[in-house]
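**Q** Right, I'll just put the structure down here and ask away after.
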Amino acid sequence: GSSGNWDRVPTGTFPTCSTFSGVGMTKFASFNFKSGTKSIMVSPSLELPKDSYSVSFWMFRDNGYSTNNDMINIYYNNSSDLNGAELLGSVSRYYLSSPVEATANLWYKYEFALPEGSAGSGRYIIIEGVSAYGNNIFLDEFVVREPSSMNGFVLDFDGNPIEWVLVEKVGGINVY
């Protein structure tokens, strides 16, 4: 097919939606592109000091054009194109397509682990939009992060361990 584009938009149409957060989101215009049109959006070059990173984002899943499987494919690569890229996962625009969600016209968060051996510089995350001539695809809050972990001990005044204490990190992890 022809080549499509990814655009930054403040609001969404076909389907109508607002950003998940902030004042902008990215749009793949499936509604305007003939079926089979594909376009990639490439991250800046990433330096990952170790393995175990993940990529997450929010995607608007709607109930329009149920037989048109507009979708995105998420890839990891050590070059800024799809040659030799590793598919991390795929998400369909229609809410009852894979992965199935309970409610239409809402934002859902997806997270994919980067593969073993991904540490190093010159690493890229590539999002490929695939049009089936259905509604547009909207993504927001695209994040590449190192998974967090927390461990340790909670001690009483005399230095004795206290078991089953919930420790929470604000905006992060919970552990007992």
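The values are calculated or read from the model by the stated rules, or taken from the named source; none is laboratory data. From a predicted model like this one, the values you see are computed outputs, not experimental measurements. Cβ coordinates were reconstructed from backbone atoms using ideal geometry, including for glycine residues, and neighbour counts include every protein chain displayed. All accessible areas refer to the heavy atoms of the entire protein, side chains included, with ligands and DNA or RNA removed. Shrake-Rupley method; radii C 1.70, N 1.55, O 1.52, S 1.80 Å.
**Q** Considering only residues that are among the aliphatic types (A, V, I, L, M) and open to solvent by 70 Å² or more (accessible area, probe 1.4 Å), which ones fall in region 69-104? Show your work before the answer.
**A** First, pick out the residues of region 69-104 that are among the aliphatic types (A, V, I, L, M): 71-72, 74, 82, 85, 87-88, 91, 96, 100, 102, 104.
Within region 69-104, LEU87, LEU96, VAL100, ALA102 meet the criteria.
**Q** Which residues, taken from region 115-142, are among the aromatic types (Phe, Trp, Tyr), open to solvent by less than 10 Å² (accessible area, probe 1.4 Å) and either assigned to a loop (DSSP other than H, G, I, E, B) or free of Cβ contacts under 8 Å to residues at least 60 places away in the same chain (or both)? Outline the logic, then answer.
**A** First pass over region 115-142, keeping only residues among the aromatic types (Phe, Trp, Tyr): 124, 133, 138, 142.
The next check asks that each one be open to solvent by less than 10 Å² (accessible area, probe 1.4 Å); those that pass are 138.
If the condition is that a residue be among the aromatic types (Phe, Trp, Tyr), open to solvent by less than 10 Å² (accessible area, probe 1.4 Å) and either assigned to a loop (DSSP other than H, G, I, E, B) or free of Cβ contacts under 8 Å to residues at least 60 places away in the same chain (or both), then no residue fits.
**Q** Before we move on, is LEU106 out of contact with any Phe, Trp or Tyr (no Cβ under 6 Å at 6 or more places or on another chain) and either modelled with pLDDT of 95 or more or among the polar types (S, T, N, Q) (or both)?
**A** yes
**Q** Let me ask something else. Is it true that some residue in region 11-31 is touching a Lys or Arg at 6+ places or on another chain (Cβ under 7 Å), surrounded by fewer than 16 Cβ atoms within 10 Å (Cβ to Cβ), touching a residue at least 12 places away in the same chain (Cβ under 8 Å) and of a type outside the set (Asp, Glu)?
**A** Looking for residues that are touching a Lys or Arg at 6+ places or on another chain (Cβ under 7 Å), surrounded by fewer than 16 Cβ atoms within 10 Å (Cβ to Cβ), touching a residue at least 12 places away in the same chain (Cβ under 8 Å) and of a type outside the set (Asp, Glu), one finds at least one in region 11-31, hence yes.
**Q** Follow-up. Return the pairs, sorted by first residue and then second, in which the second residue is open to solvent by less than 30 Å² (accessible area, probe 1.4 Å), the first residue lies in region 57-73 and is on the phi > 0 side of the Ramachandran plot, the beta carbons are less than 6 Å apart, and the residues are 6+ apart or on different chains.
**A** Pairs found: TYR65/GLY134; TYR65/ASN135.
**Q** So which residues in region 32-48 are open to solvent by less than 40 Å² (accessible area, probe 1.4 Å) and part of a loop (DSSP other than H, G, I, E, B)?
**A** Initially, region 32-48 is screened for residues open to solvent by less than 40 Å² (accessible area, probe 1.4 Å), giving 33, 36-37, 39, 43, 46, 48.
Residues satisfying the conditions are PHE33, GLY36, THR37, SER43.
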